[in-house]
Amino acid sequence: MSGADTDGARAFLDRAADRMVDATAIERIAIGFASTALALALGSVIVAATGYDAVEFVTSLVDGAVGSESNIAFTLRQSSMLILAGVAVAIAFRAGVFNIGVQGQFVVGGFATSLTILYFAPHLPEGTTGGVLLMALGAIAAMLAGGAYAALPGLMKAYADANEVITTIMLNFIASGVVYFLIDEYLRPAGTSAPNTERFPEYVELPRVVFDSPSFSVVGLGVALAAVVLVAVFMSRTRLGYDLVTSGHQQSAAAYSGVDPGRTVVTTMVLSGMVAGLAGAVFAVMILGYYSDPSTFPTFGFDAIAVSLLAANSPVGVVPAGLLFGGLDAGGQYIGFTTDVPSELVDGVVGLIVLFVAAPELFRMAGKRAWLGGDRE
Amino acid sequence: MSVADYAARNRAGIGVSAALVVLAVVLVLVYEIPVAELVTVGAAERAIQAATPIALAAIGGLYAEKSGVFNIGLEGFMIFGALLGAAGAWIAAGEQSPVTQADLWVGLVAATVACALMAVVFAVLTIRYKADQIVAGLAVWFLGLGFGPFTASVIWGGVSSPSLPNIDNVVVPVLADVPVLGRLFFDASPLVLFTIVLAVAAWVVLFRTRFGYWVQAAGENPEALDTAGVDVNRVRYATVIFSGAMAGFGGATLSIGLGSGFTGTGVTMVDGRGWIAIVAYLFGNYNPIGAYLASFLFGSMDMLQIQLQTVGVEEIPGSLTDLFPYVAVLVVLTLVGYTRMPASVGEPYETEE
């Protein structure tokens, strides 16, 4: 009985993946643009309907995203995080594994970075050399921790057929709770009440080039773009990458060509978790400079799902999608400061984008009606 | 069915129960927890209350999935339900006057109807426009996380509502004085009682009526149902709308049925209960009564923290006991992961005309 069931589950994923890659590249880009435009338009309508000024909403949104040098730095900072986390999601979704746990892997990765930096700092020379070494060690620790934490739901899916959407969401809650507990119980410096670790040494920071911002460095964006290139090359130019994508596209075909489906799922999750962990490392070093209660962190790991879906799960497509969402995020927070419109509206707009991206058929039918003269199906 | 047959068919269920019992015994021994003081009537009462919103969403989700649509958006519908229940009651009461029992019922009904309408949109997208069910379900969650707190801000100027009353208990004279059962069932929230009745009714409808057979056929063998002259998609619309309505009702039950208003901070007050509801019906093997019992298990996990505090176990901090329901979900899913899902889940059905 068990064999037939896994087949059923696999066929289900096959079909889901098929539909996602059904669209041609141009069509996907068009759907992405249409979804974003429609979601923003609907957002403006909601703004107007709830008695706010829709024009002010849109101009503030744009102003917050690109209105000044510091706003651009903030947009790029959010974009760097969303691109990294988006690539993590894209690896998994491409391979037909719904890793919703990027947020948890990101939290665990950043925590591993923080532990590593705080532990090794007294043992290494101070100054730039020590800083670079600590950041490198921290990044490696983050990737190991993120990969290991993602292996868990991978193993549970591969060998116990546990639905990864649910296990990864549960592991998000658990990561957040356990990291909070460890910081509050063991890492909080004596005499303080906030659940924060000690600050990292001053020399552990990314260089301030181009933008003079305390929480954004072009190097962080560089790390994100390097990850994009590496993952894109890996997916399209290596045997293992090819196998992963084939499994996502058509599991039965991959199995016939000798790919072990269980191992593929675990490998996919580990790779995805490693990139998510790296995102955590960048977050800890570039943005925070210490570690804190994860429930107060931005939800990059969730927004990354929208980024990846908008990019049709293409690692390269994640770059423009990440820039767009970084801008939306920065603009949304700016709206919260400068207008009466509650900033949560932008989260809702993100939800609308995902909803529209989920239903490409909607646009195809609308497109047919509009351009082919409203003929019925 | 003999005991041996039953054991053979429910191997996983028994395995899970055994694992949980072992885990519990280890914890009890390590922390010297006074067990007798943990299991009190009050604990059972709180566990049943905690189980109620989860069970409502689980029973709805079960119907949708049985008919072939995986409504992964339960969490999102619950958030909307929690918000709209509180908002409905608040608006019904008017700006100045206090919220009365009648206003609360208006809120519950409003949340249920509004979520049913939202589920219509979800159903049209997934059934008619063949939207990817997992992605569309995630979208509902995102929409809830965004528009839930947004709407709260529009109404109350902050992401949470002010403190609101909840639905009064129904007290049956005389019977309420019966020890244990009296407090659990004859001095209880009508919503708790309704949910128990609903679980039984949902079982009867699913396994003993013609509509129930249609639901099962729509998920297992839609072609056969179509051949028999029943519109597969109409059955699926019905179950998906029902699942949205029940999740919304469950959310409203959480905020104003049993709770004290809407909280929109973080991942909102729903806090993963919609996801747990999905696991509850998987663990219950698509049986509404099983789903209710699984919800009760998760509900009691949720309440364990309060119990441990009352008996004075301080070694396990609250930040960890809070995680018990999530860990329980992982254990359950790993051991019962292979629950047989209906053959045609996730597959849009097209008639062959």
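Bear in mind these aren't lab numbers, they're just calculated from the coordinates by the rules spelled out. As the structure is a prediction and not an experimental result, all values here were calculated from the model. All Cβ positions, even for glycine, are placed from backbone atoms using ideal geometry, and neighbour counts span all protein chains on display.
Of note:
- Helices assigned as whole DSSP H runs in chain A whose Cα atoms extend at least 20 Å along their own long axis and whose mean Kyte-Doolittle hydropathy is -0.5 or higher are found at A:25-49, A:69-94, A:102-120, A:128-160, A:164-182, A:218-237, A:261-282, A:318-338, A:344-358.
- Each label point was placed 7 Å from the Cα along the Cα-to-Cβ direction; for A:Leu225 and B:Thr40 their separation is 6.3 nm.
- Segment B:198-228-segment A:40-79 distance, computed between alpha-carbon centres (Å): 48
- Chain A - mean residue ellipticity at 222 nm from DSSP helices (-39,500 (n - 2.57) per run, n ≥ 4, rounded to 500): -24500 deg cm²/dmol
- Cα-based shape type of segment A:121-216, given that a ≥ b ≥ c are square roots of the gyration tensor eigenvalues and the cut on a/c is 1.5: prolate
- Nitroxide proxy distance, nm - points 7 Å out along Cα→Cβ at A:Leu133 and A:Ala366: 5.7
- Kirkwood Rh, Cα atoms: Rg over Rh of segment A:50-128: 1.17
- At R0 = 45 Å, FRET efficiency that the Cβ-Cβ distance of B:Ala201 and A:Ala160 yields, to 0.05: 0.85
- Computed extension length for B:Thr209-B:Glu350: 48.2 nm, one decimal, from 0.36 nm per residue of separation with the Cα-Cα distance subtracted.
- Placing +1 on the Cβ of every Lys and Arg and -1 on the Cβ of every Asp and Glu, with no other charges, gives segment A:24-367 a dipole of roughly 1000 debye about its Cα centre.
- Prolate/oblate/rounded call for segment B:86-212, Cα gyration tensor, a/c under 1.5 rounded: oblate
- The charge dipole of segment A:197-277, taken about its Cα centre with unit charges on the Cβ of Lys, Arg, Asp and Glu (plus for the first two, minus for the last two), comes to roughly 300 debye.
- Partner shielding of A:334-347 amounts to 4, given as the average count of beta-carbon atoms from other chains within 10 Å of each residue beta-carbon.
- Farthest positive-ward along the protein assembly as shown dipole, Cα basis, beta-carbon charges - from B:Leu138, A:Pro261, B:Phe296: A:Pro261
- Label point distance in nm, A:Phe337-B:Val30, each placed 7 Å from Cα along Cα→Cβ: 4.6
- Mean sequence separation of contacting Cα pairs (under 8 Å, at least six apart), scaled by the length of segment B:137-268, corresponds to a relative contact order of 34 percent.
- Test item: A:168-179 mean partner chain Cβ contacts at 10 Å: 5
- Our compactness index for segment B:210-353, the C-alpha radius of gyration over the empirical 2.2 N^0.38 Å, is 1.32.
- Point-charge dipole on Cβ atoms (K/R +1, D/E -1) for chain B, about Cα centre, debye to 20: 440
- Within the shell defined by Cβ-Cβ distances under 15 Å, the residues around B:Gly148 carry a net charge of -3, with Lys and Arg each +1 and Asp and Glu each -1.
- Whole-number percent relative contact order across segment B:52-299, with pairs defined as alpha carbons under 8 Å at least 6 apart: 42
- Full extension of the chain between A:Asp260 and A:Arg188 gives 21.4 nm of extra length, using 0.36 nm per residue less the Cα-Cα distance.
- Just so you know, the averaged projected area of the alpha carbon convex hull for chain A sits at 22.2 nm².
- Within segment A:158-183, backbone nitrogen closer than 19 Å to the virtual label 7 Å beyond the Cα of B:Leu23 toward Cβ: A:158-179, A:181
- Comparing B:Pro342, B:Pro317, B:Pro53 in a Gaussian network model of chain B where C-alpha atoms under 10 Å apart are linked, the largest mean-square fluctuation is found at B:Pro317.
- Residues within the reach of a label modelled at B:Thr265 (point 7 angstrom out along Cα to beta-carbon, backbone nitrogen below 12 Å), restricted to segment B:139-166, are B:159-161.
- DSSP H segments from chain B that extend 20 Å or more along their own axis, Cα-based, with Kyte-Doolittle mean of 0.5 or above: B:11-31, B:41-66, B:74-93, B:101-123, B:133-156, B:190-208, B:232-252, B:288-310
- Volume per residue that the Cα convex hull of chain B spans, once the total is divided by residue count, Å³: 158
- Lys/Arg +1, Asp/Glu -1 at C-beta; segment A:24-367 dipole; positive extreme among A:Phe173, A:Leu152, A:Val282: A:Leu152
- Global geometry of the protein assembly as shown, whether rounded, prolate or oblate, following the gyration tensor of its Cα atoms and the 1.5 cut on a/c: rounded
- Contact order, relative form, for chain A: 34 percent (alpha carbon pairs under 8 Å, 6 or more residues apart, mean separation divided by residue count).
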